[in-house]
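Let me begin by presenting the structure, written as structure tokens, before commenting on it.
The values are calculated or read from the model by the stated rules, or taken from the named source; none is laboratory data. Computed from a predicted model, the values in this text were never measured in an experiment. Note that each Cβ is placed from the backbone with ideal geometry, even for glycine, and that neighbours are counted across all protein chains shown.
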Amino acid sequence: MPFWELYVSLRSSSRLPNQRWQIAPALPQRASQLAATTQLPALLTQVLLNRGISTPEEALTFLNPDLLVLPSPLEDFPDLAIALELLLVAIGSQQSIAICGDYDADGMTSTALLLRALRYLGARVDYAIPSRMQEGYGINRRIVEEFHAEGVELILTVDNGISAYEPIARARELGVNVIITDHHDVPPKIPPANAILNPKLIAEDSPYRCVAGVGVAYILAICLAESLERSQDLMAPLLELFTLGTIADLAPLTGVNRRWVQLGLKLLPKSQITGVQALVQVSGLSSEKSLKPEAIGFRLGPRINAIGRIADPQIIIELFTTEDEGRALELAMKCEQVNKLRQRLCELIEQEAIAWCEQSQIDLQKERVLLIVQPEWHHGVIGIVASRLLERYGVPVFIGTYEENDPTRIRGSARGIPEFNIFEALEFCDDLLDKYGGHRAAGGFSFPAQNLDAVRSRLGEFANQHLQLEHLKPLVKIDAEAELSDITLALYEKLISCTRVAWRTPIRSFGLLMSAW
């Protein structure tokens, strides 16, 4: 069969998904001008333009991160000097320091990074991470009061804290100093911490603006070590943890992230961290001469994240701080086992959710939103399933399960499409919910089980107000239209050279539509 006839046959068959394509507007003149400067094909400079890289200087810095000029973090983070002074005093006088971390990959690598750094620098330091199942995200009053009862004089949050006004106010009331390191959106009411380090509070054009929680922790740790003139032996292992956390958190690999990840990727194959060596071994990557970002994103990252989702985050913290090779291998094997369990749970819940949709015969064209609540689903993985269902059905997905210790309450996760703001939808249900949070694309919520029908109705009302029928298809973003003759080995080699530094860079989803088709 001729290729053209084969293509037409495939296009007309039911095997092709019912998708909507969003093709970025062509900018041929600007793409050609940028191509002349960068020596890249115009197709690739069109992709750069699509990702907001519009000047020759920005393009050259993207292609060669070493050209990026980095100001001192002390210039960009207003409270960094205060944080350093608090830590220097605490280390010098042997005050008790406590880290409050988080149970995702960013939070766990951040916690391990600061534990390694502070212990190396002679601090008395311990940590706590709230229970995903029982307490949810972020520092809370229980943790604050337990720290105080244990004699803690300085609390250091990582990857959380910017929204925790009441717990941090309580810490200050008890006379405990607090440093917040976080990267999440800043609420209208900022907690009364002694110092706050958050890239959302610095200039938008700062190269540090893109860092995740582990990036803020890395900046603080290195600046502290430099203040004590002891940064030399710390730099490499902390850079490895920064690289793992940044890629696993899907942080944008632009600005300083791109530069530091490029350096960290060179260190990981011969890691100085015993636990990283063990994790690389059990992940089947030990034969790799160099680790690519895809290996971290798809092989190491899931094994780290799985622990935070369905097991004890202490496993990861100990894995990345132990010097015992046997113990490290034991913990890495535990990560492997937990990740396989996580995969099985996701597959099972996804199958059950699809079966429910088929049996209920829900009319998604009418409802325009999918809300599924079933008992005995694992809280730690339903967010992953929500993302899969969104890809399958093309509508916003709210998925929940009953609390294990209180079946009268429902807790869940949500994922949205571009035209549907998850946080605004949750706000629309404010009087029916106990607790909720999130942003445009994703969120979390809890509510009394007796409100289930009312929540379903309210979400459907919101969806019908904001979504048109043409929005209810999975979205495929396409960067540029190309002639079949444009797709050459030379283009492939240029594309590989652009993306070699980092996965999820501004060229992370290069899609071409062949105009010849």
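Could we say that TYR165 is in contact with a Lys or Arg (Cβ under 7 Å, 6 or more places away or on another chain) and under 21 Å from ALA328 (Cα atoms) here? When the stated conditions are applied, TYR165 does not pass them.
Here is the figure for the stretch 394-422: residues that are within 25 Å of GLN468 (Cβ to Cβ) and surrounded by fewer than 18 Cβ atoms within 10 Å (Cβ to Cβ) total 2. Would you say LEU244 is in contact with a helix residue (DSSP H, G or I) (Cβ under 8 Å, 6 or more places away or on another chain), in contact (Cβ under 8 Å) with a residue 60 or more places away in the chain, closer than 21 Å to THR111 by Cα and assigned to a helix (DSSP H, G or I)? Yes. Every condition in (1) free of Cβ contacts under 8 Å to residues at least 12 places away in the same chain; (2) over 22 Å from LEU452 (Cβ atoms) is met by ASP363 except one, and the failing one is (2). The set of residues from the stretch 359-391 being in a helix (DSSP H, G or I) and of a type in the set (A, V, I, L, M) comprises LEU364, ILE382, ILE384, VAL385, ALA386, LEU389, LEU390. Meeting the requirement of 3 or more residues that are surrounded by fewer than 21 Cβ atoms within 10 Å (Cβ to Cβ) and polar (S, T, N, Q), the helices (runs of 4 or more DSSP H) wholly within the stretch 13-106 are 28-38. Out of the stretch 119-149, which residues are of a type in the set (A, V, I, L, M, F, W, C) and either outside any helix (DSSP H, G or I) or under 15 Å from VAL214 (Cβ atoms) (or both)? Correct list: LEU121, ALA123, VAL125, ALA128, ILE129, MET133, ILE139. Taken across the stretch 439-454, residues that are farther than 28 Å from PRO28 by Cβ, in a strand (DSSP E or B) and of a type in the set (Phe, Trp, Tyr) do occur, with at least one present. Out of ASP249, ASP205, one residue alone is among the acidic types (Asp, Glu), over 18 Å from the mean Cα position of the chain (by Cα) and in the same structural domain as ALA112 (by TED's automatic domain parsing). It is ASP205.
Please work out if LEU224 is of a type in the set (A, V, I, L, M) and under 25 Å from GLU145 (Cα atoms). Criteria not met by LEU224. Condition (residue is assigned to a loop (DSSP other than H, G, I, E, B) and in the same structural domain as SER110 (by TED's automatic domain parsing)) applied to the stretch 297-312: is it met by at least one residue? Within the stretch 297-312, one or more residues are assigned to a loop (DSSP other than H, G, I, E, B) and in the same structural domain as SER110 (by TED's automatic domain parsing).
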